[in-house]
Amino acid sequence: MATPLTIARRSCRSAGIPAQPWLPSQAWLASPPRPTARPRLAAMVPATALPDRAWPCISRDGCGPDRARLRVIALASEWFPGRGGLSALNRALCRALAAAGHEMFCLVPSVSQEELTDALDASVHLLTPAPLPGGSSWDALLRRPQLPGNQPPDLIIGHGCVTGAAAMVHAEDFFSSAARLQFVHCWPDDMEMGTPTIGSDNGARADDRSWAEMVLARTASRVVAVGPRLHERISRELSDVPGIPAPVRFDPGFDSSFTEPRRPVPGPPRVLLRGRLKDAELKGLDIAARAVGNAIRLSPAMGSEVEFRARGAVPGQADHVHRAIREWADSPALRVVVRDYSTDAARLRHELRLASLVLMPSRTEGFGLAGLEAIVEGTPVLISGNSGLGQLLQECLPPADAARTVIPVMGDVKLDARRWGDAIATVLHDRPAAFASADTIRRTMARQRTWEQAVTRLLNETGYGRGRSVS
């Protein structure tokens, strides 16, 4: 039975579609409207025997390109991060590769003038596909892009089940000399089973998506896992494949634009949780609300001043989320504010810098870019131990700093809320000390993990480095 992926491939080969139907970035006005839904990638990669193909050799000792400047293509769902952490990481990765001197292209279904300008300012070239007759703008990602000079790329980057299949088509059908890097951003079992859906078999969907991830990973030139948690998991899953190159671990950078310590935010304290609240259980919204209520009960005098703000509600659901938070917190004095999910970078940064504390009590989190962004801004944070970010902080920070910042989430809601409530009360009781500690953490992470180091390690470990050492 033909799958959407094979049908799309046949379209590209035999339906009379031009060989290079991509538009240069200047033609952004003619791009199709931004897609509202993504097709199920589990159906696009059938759970059948893996193809018998060799991985392109990109080992450190021999097969990489001779020239220092690489031509790189990344496939993404969008340029600005409207759908969450994957898009944010792709944008930062593209900018970092361009800053390292490489020729960087990003293929997206559609692009706005603001996005185009933002990318060009970082020397990243956005390409959008011409419409595919009878198909969506997502389907059009499967078309061959027109690159300046008709020179093929050296590297093609795909992200999980979002653009991994399209990246596979580009590498296998259009640019066979290019190596394909498959980035792993999340674990389907965690994401699907933690997001109940009425009338849907979450277990079956998780199984399909997990196998799709495995097929994309096993057929890639190299697998790149974001952070230590996902690296451990994908290393285990690929351990039964003879001869497959070891997965590469990719730790995002903590580059910061300011050097002076931040002073505590004046006025009543605000506790902030950011994330897609359609996944409220995964994000630990109930743990956060109960913990803030517990913190107020530990310091009753503080209760009338504390504001708990949750950013990320589904449009039209803010009132429902507000009522749920009030019920969980069980604190009449607590001020609750709920905001819809937003992609407005200026608004989000403003909100982040006005917080006295940012919470990330996720029950499970592949990495946790929301917590990273708070650290970069010098805002005090509490991070779940069940996250890749939490594991990274435990690796990099002195034990005392890590213990104050990384809080366990054990699965017992009452116990977790009590433990997190104690940590919240400690931060809000002495905000000057909390901001001083946040500055220490920011400086430590900025020294140990930068975006320049991240892309240098990535290219060195895939054989495309320039021989520079990374401390």
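Restricted to strands (runs of 3 or more DSSP E) entirely inside segment 181-289, those with at least 3 residues that are within 29 Å of Gly463 (Cβ to Cβ) are 222-226, 248-250. Note down all Cβ pairs under 6 Å where the first residue falls in segment 166-182 and is closer than 20 Å to Ser137 by Cα and of a type in the set (A, V, I, L, M), the second is surrounded by 22 or more Cβ atoms within 10 Å (Cβ to Cβ) and modelled with pLDDT under 95, and they're at least six residues apart or on different chains. Close Cβ pairs satisfying both conditions: Ala166/Leu141; Ala166/Leu142; Val169/Leu142. Restrict the check to segment 47-63 and report whether at least one residue is at pLDDT 90 or above and basic (Lys, Arg). Looking through segment 47-63, none of the residues is at pLDDT 90 or above and basic (Lys, Arg). Selection within segment 160-174: residues that are under 14 Å from the mean Cα position of the chain (by Cα) and either under 12 Å from Ile73 (Cβ atoms) or of a type in the set (A, V, I, L, M) (or both). The member of this set that is modelled with the lowest pLDDT is Val162. Evaluate the following for Ile375: is it part of a strand (DSSP E or B) and either β-branched (Val, Ile, Thr) or in contact with a helix residue (DSSP H, G or I) (Cβ under 6 Å, 6 or more places away or on another chain) (or both)? Against the criterion (part of a strand (DSSP E or B) and either β-branched (Val, Ile, Thr) or in contact with a helix residue (DSSP H, G or I) (Cβ under 6 Å, 6 or more places away or on another chain) (or both)), Ile375 does not qualify. Just one of the listed residues (Arg91, Arg143, Arg95) is among the basic types (Lys, Arg), more than 18 Å from the chain's Cα centre (by Cα) and surrounded by 19 or more Cβ atoms within 10 Å (Cβ to Cβ), namely Arg143.
Of Ala295, Ala313, all but one fail to be crowded, with 18+ Cβ neighbours inside 10 Å and more than 20 Å from Ile383 (Cα to Cα); the exception is Ala313.
Every residue, every condition in (1) in contact with a Ser or Thr (Cβ under 8 Å, 6 or more places away or on another chain); (2) β-branched (Val, Ile, Thr); (3) at pLDDT below 95; (4) part of a helix (DSSP H, G or I), yes or no:
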residue	(1), (2), (3), (4)
Leu393	yes, no, no, yes
Ala402	no, no, no, yes
Gly411	no, no, yes, no
Ala417	no, no, no, yes
Ala423	no, no, no, yes
Val427	yes, yes, no, yes
Ala433	no, no, no, yes
Ala436	no, no, no, yes
Met445	no, no, no, yes
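Considering every residue within segment 152-165, establish whether at least one is assigned by TED's automatic domain parsing to the domain that holds Leu458, in contact (Cβ under 8 Å) with a residue 40 or more places away in the chain and surrounded by fewer than 18 Cβ atoms within 10 Å (Cβ to Cβ). The answer is yes, given that some residue of segment 152-165 is assigned by TED's automatic domain parsing to the domain that holds Leu458, in contact (Cβ under 8 Å) with a residue 40 or more places away in the chain and surrounded by fewer than 18 Cβ atoms within 10 Å (Cβ to Cβ). The residues of segment 144-169 that are in contact with a Pro (Cβ under 8 Å, 6 or more places away or on another chain) and under 30 Å from Leu230 (Cα atoms), listed by number, are Asp154, Cys161. I'd like to check something: does segment 76-86 contain any residue that is touching a helix residue (DSSP H, G or I) at 6+ places or on another chain (Cβ under 7 Å), polar (S, T, N, Q) and either modelled with pLDDT of 95 or more or assigned by TED's automatic domain parsing to the domain that holds Ala178 (or both)? Yes, that holds for at least one residue.
For segment 240-261, residues that are surrounded by 11 or more Cβ atoms within 10 Å (Cβ to Cβ) and either more than 23 Å from Val376 (Cβ to Cβ) or modelled with pLDDT of 90 or more (or both) total 13. Within segment 175-214, restricting attention to residues that are aliphatic (A, V, I, L, M), over 19 Å from Ser362 (Cβ atoms) and in contact with a helix residue (DSSP H, G or I) (Cβ under 7 Å, 6 or more places away or on another chain), the residue that is modelled with the lowest pLDDT is Ala212.
Looking at segment 117-129, which of its residues are among the aliphatic types (A, V, I, L, M) and buried (at least 19 other Cβ atoms within 10 Å of the Cβ)? Lay out the reasoning, then the answer.
Here is the first cut: in segment 117-129, the ones among the aliphatic types (A, V, I, L, M) are 119-120, 122, 124, 126-127.
Within segment 117-129, Ala119, Val124, Leu126, Leu127 meet the criteria.
Could you list, in sequence order, the residues of segment 338-371 that are closer than 28 Å to Ser112 by Cα and among the hydroxyl-bearing types (Ser, Thr, Tyr)? Passing the criteria: Tyr341, Ser342, Thr343. Give the residues of segment 447-463 that are part of a loop (DSSP other than H, G, I, E, B) and touching a strand residue (DSSP E or B) at 6+ places or on another chain (Cβ under 7 Å), sorted by residue number. Correct list: Thr462 only.
Within segment 376-422, the set of residues being surrounded by fewer than 17 Cβ atoms within 10 Å (Cβ to Cβ) and either under 20 Å from Pro269 (Cα atoms) or not assigned by TED's automatic domain parsing to the domain that holds Ile441 (or both) comprises Arg418, Asp422. Taking the stated definitions as given, is Leu277 touching a residue at least 12 places away in the same chain (Cβ under 8 Å) and either within 26 Å of Tyr341 (Cβ to Cβ) or of a type in the set (Asp, Glu) (or both)? Against the criterion (touching a residue at least 12 places away in the same chain (Cβ under 8 Å) and either within 26 Å of Tyr341 (Cβ to Cβ) or of a type in the set (Asp, Glu) (or both)), Leu277 qualifies.
Criterion first (out of contact with any His (no Cβ under 8 Å at 6 or more places or on another chain) and surrounded by 20 or more Cβ atoms within 10 Å (Cβ to Cβ)) does Ala178 satisfy it? Criteria not met by Ala178.
The values are calculated or read from the model by the stated rules, or taken from the named source; none is laboratory data. A quick note: this is a predicted structure, and the numbers were derived from the prediction, not measured. All Cβ positions, even for glycine, are placed from backbone atoms using ideal geometry, and neighbour counts span all protein chains on display.
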